Amino acid sequence: MGKRFFWARRLFLLLLLIVTVCCSATPAIALTDEQRLVAEAWRLVDRAYVDDSFNHQNWWLVRQKALKQPLTDREQTYTAIQQMLASLEDPFTRLLKPEQYRSLQTNTSGELTGVGLQIALDSATGTLKVIAPIANSPADKAGIHPADAILKIDGVPTIGLSLDEAAERMRGPIGSRVRLTVRHDDGEPTELDVVRDRIALNPVYADLRIASGKTASGSATKIGYIRLSQFNANATAEVANAIKRLEKQGAESYILDLRSNPGGLLQAGIEVARLWLDQGTIVYTVNRQGIEGSFEATGQALTKDPLVVLVNQGTASASEILAGALKDNHRATIVGERTFGKGLIQSLFDLSDGSGLAVTVAKYETPAHIDINKQGIKPDVTVSLDPIAMTQLGTTADRQYEAAVELLATQSMVAGAA
């Protein structure tokens, strides 16, 4: 019995040694440069993406499928990465080729050349939609409005194009032309020839308005009007300067116009909210583990005067964070139309070849824990508005603006009577 056990044990150890030697002798498969770039992109998404189910699929198998493709040049590699990201069905998580990545990094400050459109993909239809034209840009002057559909760019259908591919086709040298096929409000398509130009990114316009309403003391209502078109690196300082200047001019109430503001830098949205709030939560962020973070007011509000915020369908992202913070903290009355509904936060990641990834890393909720993604923020006072020229914003032709003025005049009368 003992000998049988001895030989059985020796046989087991011999078999184990053979298996170990065979396995250790198998060489590791070296990845090519192209495969390494695919693996690098996959790993960034694997570590950071907001949905840990990766759109209810086996993310490791997605990697293996991508690596099995014949990747003989960089364009094939980019295509493989794009296909991999497309399986997430998230248009905001995307590959940025080197030129696109450099352009995006400069888009939040300085200047750029093109037509001046902020765009998004309708996830349900794949249609390229306008969030908003930049004020006084070629697109704005050509009559393109928020919620318009861009059907073709120089005759090329936009269905199937990524956001960055569409943006790249609309960029170009100053003075060059691009033909856009546009559909307004589901009407007939219209072809517009737009001349590219340098796009100024000064995000703030402000002045003091004297409203016709009278306070209880008999004086006219002085309203500070601030229009913020984008949350770039200069937004906080420019809004702060505008408030300080208007305070010195005797402003008694304010209209903050966020219509057609497509967002921009998350931190800029938070800092602008702090200019209006002494205390309270500004926004909650929720990551893939469901862990909440929050950003709070810091007690440095520049004014406590009554405030109305104007919003429309082109009010998106950081603009919605600001509007939601002011609404839920009862700091402002929101007037206009339901906002765009982009409640996702992206981070940018460098890839080793100079390209980059924009990856959705979290979602945000308003202070009342409202998830606005695809829902938007409902205004306190709903006022629709027929399309008007950018030059008519903040005038008597602007029904939403007039509703805000009337509301503030009434608040001033009540305050004066008190």
*So how tilted is helix 318-328 from the main axis of the chain? Cα-based, degrees 0 to 90, rounded to 10.*
60
*How compact and how long is the stretch 33-89, expressed as Rg and Dmax of its alpha-carbon atoms in Å?*
10.8, 31
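What number, rounded to the nearest 500 deg cm²/dmol, is the helix-based mean residue ellipticity at 222 nm of the chain, given -39500 (n - 2.57) per DSSP H run of at least four residues and division by all its residues?
Numbers: 11 runs with 138 residues, N = 418.
Per the formula, -10500 deg cm²/dmol.
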_Reciprocal mean inverse distance between Cα atoms of the chain - Kirkwood radius, Å_ = 24.0
_Just to check I understand the Karplus step: with θ = phi - 60° and J = 6.51 cos²θ - 1.76 cosθ + 1.60, what whole-Hz values come out for the stretch 87-104, glycine and proline as x?_
5, 6, 6, 10, x, 8, 9, 7, 7, 10, 5, x, 5, 5, 5, 4, 5, 5
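With +1 on each Lys and Arg Cβ and -1 on each Asp and Glu Cβ, and nothing else charged, work out how big the dipole of the chain is about its Cα centre, in Debye to the nearest 20.
Taking the Cα centre of the chain as origin, the dipole is about 1400 debye.
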*When the Karplus curve 6.51 cos²θ - 1.76 cosθ + 1.60 is applied with θ = phi - 60°, which whole-Hz ³J(HN,Hα) does each residue of the stretch 163-171 get, with x for Gly and Pro?*
4, 6, 5, 5, 4, 4, 5, 8, 7
*Sticking with the crude label model, points 7 Å out along Cα→Cβ, report the distance from Arg74 to Arg399 in nm, one decimal please.*
5.2
_Which entries of Lys97/Lys363; Lys244/Lys378; Lys244/Lys304 have Cα-Cα distances beyond 20 Å here?_
Lys97/Lys363; Lys244/Lys378
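Please list 166-173, 254-261, 153-160, 142-149 highest first by mean number of surrounding beta-carbon atoms within 10 Å per residue. Can you show the working numbers first?
Numbers: 166-173: 16.8, 254-261: 27.4, 153-160: 13.5, 142-149: 20.0.
Most protected by this proxy first, the peptides run 254-261, 142-149, 166-173, 153-160.
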*Taking the chain as the reference, fit the longest principal axis to its C-alpha atoms, fit the long axis of helix 399-417 to the helix C-alpha atoms, and give the angle between the two in degrees, 0 to 90, nearest 10.*
60
*asked:* Based only on other Cβ atoms within 10 Å, what is the fewest-to-most ordering of Ser162, Ser319, Ser87?
replied: Ser87, Ser162, Ser319
*Which net charge results for the neighbourhood of Thr236, defined as the other residues with beta-carbon distances under 9 angstrom from its beta-carbon, given Lys and Arg at +1 and Asp and Glu at -1?*
-1
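How would you rank 56-63, 329-336, highest first, on the average number of other Cβ atoms within 10 Å across their residues?
Peptide ranking by packing, descending: 329-336, 56-63.
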_Please arrange Phe54, Phe231 by how many other C-beta atoms lie within 10 Å of their C-beta, fewest to most._
Phe54, Phe231
*asked:* Can you tell me the orientation of helix 2-25 relative to the chain, as the angle in degrees between its alpha-carbon axis and the longest Cα principal axis, to the nearest 10?
replied: 50
*Roughly speaking, what is the centre-to-centre gap between the stretch 305-348 and the stretch 30-78 when only Cα atoms are used, to the nearest Å?*
36
*In the chain, what percentage of the DSSP-assigned beta bridges are antiparallel, given to the nearest 5?*
75
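Read the figures in this text as sums done on the coordinates, not as results from a lab. Keep in mind that this is a model prediction, so the values were computed, not measured. Don't worry about glycine lacking a Cβ; one is built from the backbone with ideal geometry, like all the others, and counts go over all protein chains shown.
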